[in-house]
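J.: Mind looking over this structure? Questions follow.
The values are calculated or read from the model by the stated rules, or taken from the named source; none is laboratory data. These numbers were taken from a predicted model, which means no experiment stands behind them. Quick reminder, even Gly has a Cβ in these numbers, built from the backbone with ideal geometry, and neighbours come from all protein chains shown. Only protein heavy atoms, including side chains, enter the accessible area calculation; ligands, DNA and RNA are left aside. Shrake-Rupley method; radii C 1.70, N 1.55, O 1.52, S 1.80 Å.
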Amino acid sequence: MELRQIHQFLALAETLNFREAAERLHMSQPPLSVSIRKLEEEIGLPLFERTTRQVALTEAGEAVLPELRKALLHLQQARRYALEAGAGERGQLTLGSVGSATLSLIPQLIPEFRRRYPGIALELRELPSSGVLELVENGGADVGLVRFPLPQPTALKLIPLVWEPMMLVVPQDSPLAQSGRSRVHLAEVADQPLIDYPHTEGLHYVLLQLCQAAGFVPQLVHSTTQVQAAISLVACGLGVALVPALHARNSSAPVCFLELETPHQERTVALALVYNPDNESRVVRQFRDVAVELLAAEG
């Protein structure tokens, strides 16, 4: 059964007149009669009763009428969806993201993206930066939000969106917390355990660079992939930590966040957009453009 046959059947079923149906379809009457006859042969039953005075639906015709109306509706919907997908207005986007992005970028980015492209379904997968990179490289995610700098080179394209400094986290009962100071030198905690991050994460190397610049080798303990987990470990009295500044604005943990007296570290770390330039779909370009428009200017 072809799409044109569905249109022809419905036109005849609604007019019950070959001449009127042919006029509606912008065709002559004989080809319409031939096409309806072929449709009946294909189904194996007559769909219309024909006399010299009138045309009427048979029981079989009455039975298939609502189904062919549904079929036409589904076909029209499928065509519309295909056109929308081709125009980037419909589809699916899988986003891999570090947990930090849920505190800042995602609450800004996702609502705006959904407002502009309501037909695109979004799947969010939360992983450490190394996991997000692997997911995007393997095609398991279309685009990612990761911590930058990265611990190793990648062929993926990165766009830093939001830069921020690192801050020192100490327990509330720490002398530094009770000193009333808002800025400290990192060397002041050189003798204290420092919560570490895995070697696969860029934060680990940022931490080492800051300690090196402060003139000491840190006592690294309790490696964790999650910044919030590092803050919780500090709250438990297991050491101090270095975390991106946005966590100071979004944490209710019983700790104290202190700025560092470290020159030129305002742009120490960033949340960055990552995607595969060799496999960039229209939907990915749209997501990238929204992210850059909303957030890149803040850097």
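J.: Restricting the stretch 124-144 to residues that are under 18 Å from VAL283 (Cα atoms) and touching a strand residue (DSSP E or B) at 6+ places or on another chain (Cβ under 6 Å), which is surrounded by the most Cβ atoms within 10 Å (Cβ to Cβ)?
T.: GLY144
J.: Same structure again: Where the second residue is part of a strand (DSSP E or B) and the first is of a type in the set (Ser, Thr, Tyr) and lies in the stretch 43-58, which pairs have Cβ atoms under 9 Å and are six or more apart or on separate chains?
T.: What qualifies is THR58/PHE48; THR58/GLU49.
J.: Where the second residue is open to solvent by 90 Å² or more (accessible area, probe 1.4 Å) and not acidic (Asp, Glu) and the first is over 13 Å from LEU10 (Cα atoms) and free of Cβ contacts under 8 Å to residues at least 24 places away in the same chain and lies in the stretch 60-80, which pairs have Cβ atoms under 7 Å and are six or more apart or on separate chains?
T.: ALA60/LEU45
J.: How do the pairs read when you match residues in the stretch 1-12 that are without any contact (Cβ under 8 Å) to a residue 24 or more places away in the chain with residues anywhere that are part of a helix (DSSP H, G or I), using Cβ under 6 Å and keeping only pairs 6 or more apart or on different chains?
T.: If the second residue must be part of a helix (DSSP H, G or I), the pairs left are ALA11/ALA21; ALA11/ARG24.
J.: Can you tell me how many residues in the stretch 1-29 are among the acidic types (Asp, Glu) and either open to solvent by less than 30 Å² (accessible area, probe 1.4 Å) or not in a helix (DSSP H, G or I) (or both)?
T.: Matching residues across the stretch 1-29 total 1.
J.: Go over the candidates ALA241, ALA270, ALA214 one by one and state the one that is within 17 Å of PRO165 (Cα to Cα) and either among the aromatic types (Phe, Trp, Tyr) or at pLDDT 95 or above (or both).
T.: Selected residue: ALA241, the only one of ALA241, ALA270, ALA214 that is within 17 Å of PRO165 (Cα to Cα) and either among the aromatic types (Phe, Trp, Tyr) or at pLDDT 95 or above (or both).
J.: Further question on the same structure: Please go through the stretch 171-183 and pick out each residue that is farther than 28 Å from VAL146 by Cα and of a type outside the set (S, T, N, Q).
T.: ASP173, PRO175, LEU176, ALA177, GLY180, ARG181, listed by residue number.
J.: With a cut-off of at least 2 residues that are open to solvent by 20 Å² or more (accessible area, probe 1.4 Å) and without any contact (Cβ under 8 Å) to a residue 24 or more places away in the chain, name the helices (runs of 4 or more DSSP H) lying wholly within the stretch 145-260.
T.: In the stretch 145-260, the matching helices (runs of 4 or more DSSP H) lie at 175-178, 202-214, 227-235.
J.: Next question. Filtering the stretch 39-95 down to residues that are among the charged types (D, E, K, R) and open to solvent by less than 70 Å² (accessible area, probe 1.4 Å), which residue is modelled with the highest pLDDT?
T.: GLU40
J.: I'd like the residue in the stretch 105-123 that is in contact (Cβ under 8 Å) with a residue 24 or more places away in the chain and of a type in the set (D, E, K, R) and, out of all such residues, is least open to solvent (accessible area, probe 1.4 Å).
T.: If we take residues in the stretch 105-123 being in contact (Cβ under 8 Å) with a residue 24 or more places away in the chain and of a type in the set (D, E, K, R), then GLU112 is least open to solvent (accessible area, probe 1.4 Å).
J.: Separate question: Does LEU32 meet the test of being modelled with pLDDT of 90 or more, open to solvent by less than 20 Å² (accessible area, probe 1.4 Å) and not in a helix (DSSP H, G or I)?
T.: Spelling it out, it is not the case that LEU32 is modelled with pLDDT of 90 or more, open to solvent by less than 20 Å² (accessible area, probe 1.4 Å) and not in a helix (DSSP H, G or I).
J.: Here is a follow-up. Would you mind telling me which numbered condition in (1) assigned to a helix (DSSP H, G or I); (2) under 19 Å from GLU280 (Cβ atoms) ARG114 fails?
T.: (2)
J.: Something else about it: Considering only residues that are of a type in the set (Gly, Ala, Ser) and modelled with pLDDT under 85, look in the stretch 100-116 and name the one that is farthest from PHE148 (Cα to Cα).
T.: Top of the filtered list is SER104.
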